[in-house]
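To start, the structure itself, in structure tokens.
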Amino acid sequence: MEVHKTEIDGCFIIEPKIFEDNRGYFFESYNQEKFELMTGAKPYFVQDNESMSTKGVLRGLHFQKGDNAQAKLVRVLDGEVLDVAVDIRPNSKTFGNVVSTLLSSDNKKQMFVPRGCAHGFVTLSKKAKFSYKCDNFYNASSEGGIIYNDPTFNIDWILGEEDLIISEKDKFLPIFKEAVPH
């Protein structure tokens with residue numbers, strides 16, 4: 001696997017080594033030992049989640065607060081998404097930085113999003129099946145979020161505003177300055 005640093009400290013794009021032949025393909029989607037060696041991160045994953053979304057569905061920008069913060073290793077099993085992470089750790093040297101990358105069932109890339117980052121994605125294909133590992137259990141009382149179109153970040157979600165499908169809850173998330181203490 002190849003690991004690429006990003007504009008967020010501790011956030012990595014991971015590209016697997018894919019073995020293909022006339023029968024199909026094989027790749028190692030996760031190996032704790034290699035992951036730790038190549039990233040320096042030592043997550044202990046305790047929960048796997050999967051979602052399916054149709055084209056235009058935007059989920060995010062979400063995070064878990066305090067002791068319930070979660071690191072995530074995300075990937076797409078079917079389809080394509082634009083995946084986005086925002087560093088919301090006030091003491092981080094990359095505080096406020098944004099990383100976005102295309103994740104798809106074709107490129108098989110993954111993104112490791114460290115604790116203290118908000119995360120979201122938009123589905124670019126007709127449908128997308130999204131899977132992620134978390135190093136902490138979900139806690140509803142620790143939910144946090146930032147509105148997807150916060151002008152602080154000017155995230156290019158690729159699709160036009162009229163093509164986005166956003167939950168009622170996500171439409172009314174606070175802006176960055178209100179959601180995260182500076």
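Quick notes on this one:
- Subset of the stretch 28-71 that is β-branched (Val, Ile, Thr) and assigned to a strand (DSSP E or B) - its residue that is farthest from the chain's Cα centre (by Cα): Thr54
Conditions (1) outside any strand (DSSP E or B); (2) at pLDDT 95 or above; (3) closer than 29 Å to Phe27 by Cβ, marked per residue:
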{"position": "Arg89", "(1), (2), (3)": "yes, yes, no"}
{"position": "Gly96", "(1), (2), (3)": "yes, yes, no"}
{"position": "Leu103", "(1), (2), (3)": "no, yes, yes"}
{"position": "Phe121", "(1), (2), (3)": "no, yes, yes"}
{"position": "Asn149", "(1), (2), (3)": "yes, yes, no"}
{"position": "Ile158", "(1), (2), (3)": "yes, yes, yes"}
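- Test: residue in the stretch 150-162 that is buried (at least 20 other Cβ atoms within 10 Å of the Cβ) and of a type in the set (S, T, N, Q): no
- Selection within the stretch 122-170 - over 18 Å from Leu102 (Cα atoms) and among the β-branched types (Val, Ile, Thr): Ile146, Ile147, Thr152, Ile165, Ile166
- Residues that are under 26 Å from Ile175 (Cα atoms) and of a type in the set (A, V, I, L, M, F, W, C) were ranked within the stretch 24-64; the one that is surrounded by the fewest Cβ atoms within 10 Å (Cβ to Cβ) is Val57.
- Selection of the stretch 65-111 for residues being buried (at least 19 other Cβ atoms within 10 Å of the Cβ) and in contact with a helix residue (DSSP H, G or I) (Cβ under 6 Å, 6 or more places away or on another chain) yields an empty set.
- Of all positions in the stretch 136-144, none carries a residue that is under 22 Å from Lys55 (Cβ atoms), touching a residue at least 60 places away in the same chain (Cβ under 8 Å) and under 17 Å from the mean Cα position of the chain (by Cα).
- Residue that is nearest to Asp156 (Cα to Cα), among those in the stretch 36-57 that are out of contact with any Gly (no Cβ under 7 Å at 6 or more places or on another chain), among the hydrophobic types (A, V, I, L, M, F, W, C) and touching a residue at least 60 places away in the same chain (Cβ under 8 Å): Val57
- Selection of first residues in the stretch 68-81 that are on the phi > 0 side of the Ramachandran plot and of second residues that are assigned to a strand (DSSP E or B), restricted to Cβ pairs under 9 Å at least 6 apart or on distinct chains, gives the following pairs, ordered by first then second residue: Gly79/Met52; Gly79/Ser53; Gly79/Ser104; Gly79/Thr123; Gly79/Lys127; Gly79/Ala128; Gly79/Lys129; Gly79/Phe130.
- Pick from the stretch 163-175, criterion surrounded by 12 or more Cβ atoms within 10 Å (Cβ to Cβ) and outside any loop (DSSP other than H, G, I, E, B), ranking: farthest from the chain's Cα centre (by Cα): Asp163
- When the stretch 1-23 is filtered for residues that are part of a strand (DSSP E or B) and surrounded by 10 or more Cβ atoms within 10 Å (Cβ to Cβ), the ones remaining, listed by number, are Glu2, Val3, His4, Lys5, Phe12, Ile13, Ile14, Glu15, Phe19.
The values are calculated or read from the model by the stated rules, or taken from the named source; none is laboratory data. From a predicted model like this one, the values you see are computed outputs, not experimental measurements. Heads up, the Cβs are rebuilt from the backbone with ideal geometry, glycines too, and the neighbour counts pull from every protein chain shown.
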